[in-house]
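Down below is the structure, laid out as structure tokens.
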Amino acid sequence: MPTSLILAILLIAIILAGLVAFRPGLTVARGGKVLAFLALFVFPVFAGLLGLENHVERSKQTSFCLTCHIMEPYGRSLYVDDPSFIPAAHFQNSRIPRDEACYTCHTDYTLYYGGIKAKFRGLHHIYAQYISKPHHPIKLYQPYNNRECLHCHLGSRSFEQGAVHTADAQTMADIKSNKLSCTSSGCHDNVHNVSQLDHVKYWKPVE
Amino acid sequence: MPLQTQFMSKRLRLAGALIILGLVVQALSLMWNHPLSFIAFVSIGGLFLASGIVIYLLALVSSSAANSDDPALQSTIRILPH
């Protein structure tokens, strides 16, 4: 739902709550009681839930992730002019939606599929960013899960019939069960590689 | 104005004011695309909104409980035809 529409609903909720707050005498009549219930319960809850959903959706945006200073090199790595950089190749060729690039490949990150622990990690990131200091370099909490690759690549010809993937039956089974990481050394191991960013060329998108 | 009505008016004013404050904070946070805006939305806006709603619901409950304790109301209920 567009933010402007949610803001309009919030405005209606504010007006209704204001009406009841500044003219409580209205609630003496039966109709007024219904109005008070709508204004002080139904509308605020509805508007609040819409706002929450909007915030969660917006937090999937690449620009949202890159508001933290520490993420800046990871954002820059998406523009490296080298197809061996896996995130850059995916981003530049629109294999993932550019405006939700981070979320598409890190679905288990903090707010989304993660459990309570992941939510607390999200809060810890905000604490680290604004109050304490983030770890340098930042690291994933858990090894990168193949699920993030397979939610697109599973079933695709290049994955299912790739020469290395099908070299033996065990390899494919290990990839699919996350025993053998896609980012293993010698496979797709050139990921963000932020330590190399000063020595690479960058792609400039056509405006 | 009866005491009960005064009490309800006060509670409605307080609940309304808190809800308005919460909704305003939430509306402002929606205009800012930043991790802190999400925190403001949940912790400040959500807190005001939840407090306002709880105060309103408690006022409703206590007002209906007071009404049921009111002897005049009870006698009216007793004489009403079933």
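The values are calculated or read from the model by the stated rules, or taken from the named source; none is laboratory data. The shown structure was predicted, so the numbers you read here are calculated from the model rather than taken from an experiment. Glycine also receives a Cβ, built like all others from the backbone with ideal geometry; neighbour counts cover every protein chain displayed. Just so you know, the surface numbers come from the protein's heavy atoms only, side chains and all, with ligands and any DNA or RNA stripped out. Shrake-Rupley method; radii C 1.70, N 1.55, O 1.52, S 1.80 Å.
Computed quantities for the displayed model
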| read-out | value |
| --- | --- |
| Sequence of A:Arg23, A:Arg121, B:Arg11, A:Arg58 from largest to smallest accessible area, 1.4 Å probe | A:Arg23, B:Arg11, A:Arg121, A:Arg58 |
| Highest-first arrangement of A:176-184, A:49-57, where packing means the average Cβ count within 10 Å | A:49-57, A:176-184 |
| Spin-label zone in the range A:67-84 - amide nitrogen under 20 Å from a point set 7 Å from the Cα of A:Lys201 along the C-beta vector | A:76-84 |
| Surface accessible to a 1.4 Å probe, per residue, for the residues of the protein assembly as shown, Å² | 61 |
| Positive-pole candidate from A:Ile116, A:Pro24, A:Ala36, dipole of the protein assembly as shown, charges at beta carbon | A:Pro24 |
| Net charge dipole size for chain A [Lys, Arg +1 and Asp, Glu -1 on Cβ; Debye, nearest 20] | 860 |
| Gaussian network model of chain A, Cα within-10 Å springs - most flexible of A:Ser63, A:Ser77, A:Ser185 | A:Ser185 |
| Interface burial for B against A (accessible surface, 1.4 Å probe, total of both chains, Å², rounded to 100) | 2700 |
| Taking chain A and dividing mean pair separation by its residue count, relative contact order in percent (alpha carbons under 8 Å, at least six apart) | 21 |
| Debye log10 I(q)/I(0) for the range A:69-199, one point scatterer per Cα, at q = 0.12, 0.16, 0.17 Å⁻¹ | -0.54, -0.95, -1.06 |
| A:Arg95, A:Arg30, A:Arg147, reordered so the largest accessible area comes first (probe 1.4 Å) | A:Arg30, A:Arg95, A:Arg147 |
| Quotient of C-alpha Rg and 2.2 N^0.38 Å, computed over the range A:3-58 | 1.25 |
| Exercise: per-residue mean of other protein chain Cβ atoms within 10 Å, A:61-68 | 2 |
| Globularity ratio of the protein assembly as shown, using Cα Rg and 2.2 N^0.38 Å | 1.45 |
| Relative contact order (%) - criterion: Cα under 8 Å, at least six apart; region: the range A:85-181 | 17 |
| Neighbouring partner chain Cβ atoms per residue of A:10-17, average, 10 Å criterion | 6 |
| Along principal axes, Cα extents of the range A:67-131, largest first, whole Å | 35, 25, 18 |
| Residue mean of other protein chain beta carbons inside 10 Å, B:40-50 | 3 |
| Other-chain or far-sequence residues with amide H under 5 Å of A:Val80's (modelled H) | A:Trp203 |
| Carbon and sulfur %, accessible surface of the protein assembly as shown computed with the full protein complex present, 1.4 Å | 66 |
